[in-house]
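> One structure is given below, represented as structure tokens, and several questions about it will come after.
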Amino acid sequence: MRVLTAGESHGEYITTILEGFPKGVSIDEKFINQELRKRMSGFGRGKRMSIESDKVNIVSGLRNKITLGSPIAMLVKNKDNKIFTQKKDSLPILSVPRPSHADLAGAMKYQETDIRNILERSSARETVARVCAGAICKQFLLNFGIKVASFTLGVGGVSSDKCPKNINDIINQTKISKLNCIDKSKEKLMTKEIESAAVAGDTLGGVIELWIDGVLPGLGSCMQYDKRLDAKLASCLMGIPAVKGVEVGLGFDYARVKGSDSHDPIYYKEGKGFIRKTNNSGGIEGGMSTGSPIVLKLAMKPIATLAKPLDSVNILNKKAAKAPVVRSDICAIVACAFIAESMSAIAITESFLEKFGSDTLREISSNYSNYLKTLKSFSKKS
């Protein structure tokens, strides 16, 4: 399966092409639009979210809401469109790069004197396309009882150590949260942090925890590095703008404890087979799913565009200048979480199709059922 995206932040459309997706999957565009609304939500978002009302237009790959096995193409129209493919716009040249953005590195790579030609594509507005693809994958995964959910662990200097009981607990507790948080007392402090940053002309990042539940043992592989499930998930998640770190299970905490205190002992229970009472590995061992919930953490850096900008340099005359002030978010931790859900759904779907086939849902379901039988047989006492 392959996902391609196209479109500029202020172009006419954001475009998604999903290729290699199986035939026979029921897809509801209402679910995709629901996911797009989630991406636009959260305390700390900027003014653009009040301009846009993202809605998907599925233009190919389905008939009567059922996938055909052909490439799925989706369009989301930008209401705030200012640049055009066939006529000149009136936007001024941008020549001062923002620190921590793609501006300068992109200008140097493409020998570009107008940074707008870099930022239009490098903008996180492109993630609209990924949410569309992820929403398609989520609907596929639900056929096999696989759910994806996320919650905010921390914003700025405020963090929570509250642990959810299960994935349904996450879904239920974050429904009415402004920051996609399961800790209501810490959420109030996070909100104050964002308000303070806004007053100071600053921005904030945070930490997100992501759960994927219902994955059988054996997705991914230990045979090649690029087939390892943790590697695939990390690659997809690190591809999100502003994500600067990904942890699986204990992550960096593994470096601070002994193996005897951190590895997950294996037990056998009649009727259940092989079980683990802990999940420090985050549901992945040797690049393969264990059957326990897959648990990941993401570190999101603060948004690069500041209301009180940092020092920079004009790339044309090489003189010192302040970075430009453009419309932006104060904190987009909620949007990042839902984009992460989409990217992880894409990664899980890719590994799922590698194991069970990718032509038709009927064939995949048959292969999945047969694999369930082999797992039960393997786990039975002889």
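None of the figures in this text is laboratory data; all of them are computed from the coordinates on show. Remember, it's a predicted structure, so these values are computed and weren't measured experimentally. Cβ atoms come from the backbone with ideal geometry, glycine included; neighbour counts cover every protein chain shown.
> Taking 0.36 nm per residue of separation and subtracting the Cα-Cα distance, what length does fully extending residue 317 through residue 161 add?
On the way: separation 156, 0.36 × 156 = 56.16 nm, distance 4.96 nm.
Result for the pair: 51.2 nm of gain on full extension.
> Would you work out the charge dipole size for the stretch 168-300 about its Cα centre, treating the Cβ of every Lys and Arg as +1 and the Cβ of every Asp and Glu as -1, and quote it to the nearest 20 debye? Before the final figure, lay out each step's value.
Numbers: 17 positive and 16 negative charges, 30 e Å.
Value, rounded to 20: 140 debye.
> Let me ask another. Test of understanding: ordering 163, 222, 336 by Cβ neighbours within 10 Å, fewest first, what list do you get? Please report the intermediate quantities before stating the final value.
On the way: 163 9, 222 12, 336 29.
Exposure proxy ranking, most exposed first: 163, 222, 336.
> Taking the beta-carbon count within 10 Å as an exposure proxy, list 288, 190 from fewest neighbours to most.
288, 190
> Can you give me the distance in nm between label points at residue 268 and residue 123, each placed 7 Å from the Cα along the Cα-to-Cβ direction?
5.9
> Using only Cα atoms, figure out Rg for the stretch 89-133 and give it as a multiple of 2.2 N^0.38 Å.
On the way: Rg = 11.8 Å, N = 45, 2.2 N^0.38 = 9.3 Å.
So the Cα radius of gyration is 1.26 times the expected 2.2 N^0.38 Å.
> Here is a further query. Taking neighbour Cβ counts within 10 Å as the exposure measure, how do 54, 28 sort from fewest upward? Walk me through the numbers before you get to the answer.
Working: 54 21, 28 11.
With the sparsest Cβ surroundings first, the list reads 28, 54.
> Right, another one. Based on the Cβ-Cβ distance from residue 6 to residue 142, what FRET efficiency comes out when R0 is 30 Å, to the nearest 0.05?
0.65
> Related question: Quick one: Cα centre-to-centre distance for the stretch 149-210 and the stretch 82-145, in angstrom?
The stretch 149-210 and the stretch 82-145 have Cα centres separated by 26 Å.
> Oh, and also: In whole Å, what three semi-axes, largest first, describe the equivalent ellipsoid of the stretch 319-382 built from its Cα gyration tensor (square root of 5 times each eigenvalue)? Walk me through the numbers on the way to the answer.
On the way: eigenvalues 448, 43, 22 Å².
Calculated on Cα positions only, the semi-axes equal 47, 15, 10 Å.
> Continuing with this model, one more query. Calculate the spin-label point distance for residue 77 paired with residue 373, positioning each point 7 Å from the Cα along the beta-carbon direction, and give it in nanometres.
Taking the simple label geometry, residue 373 and residue 77 are separated by 5.1 nm.
> Note down the magnitude of the dipole of the chain about its Cα centre, charges +1 on Lys and Arg C-beta and -1 on Asp and Glu C-beta and zero elsewhere, to the nearest 20 debye.
Numbers: 56 positive and 39 negative charges, 97 e Å.
Magnitude of the dipole: close to 460 debye.
> Run a plain Debye calculation on the stretch 1-142 (Cα atoms as equal point scatterers, no solvent) and give log10 I(q)/I(0) at q = 0.15, 0.19 Å⁻¹, rounded to two decimals, same order as the q list.
-0.82, -1.12
> Report, in degrees rounded to the nearest 10, the 0 to 90 angle that the Cα long axis of helix 184-199 makes with the longest principal axis of the chain.
Helix 184-199 and the main axis of the chain meet at about 20 degrees.
> Regarding the stretch 2-379, what is the average projected area of its C-alpha convex hull, in nm²? Could the numbers behind the result be given before it?
Working: hull surface 84.1 nm².
Averaging across all directions leaves 21.0 nm² for the Cα convex hull.
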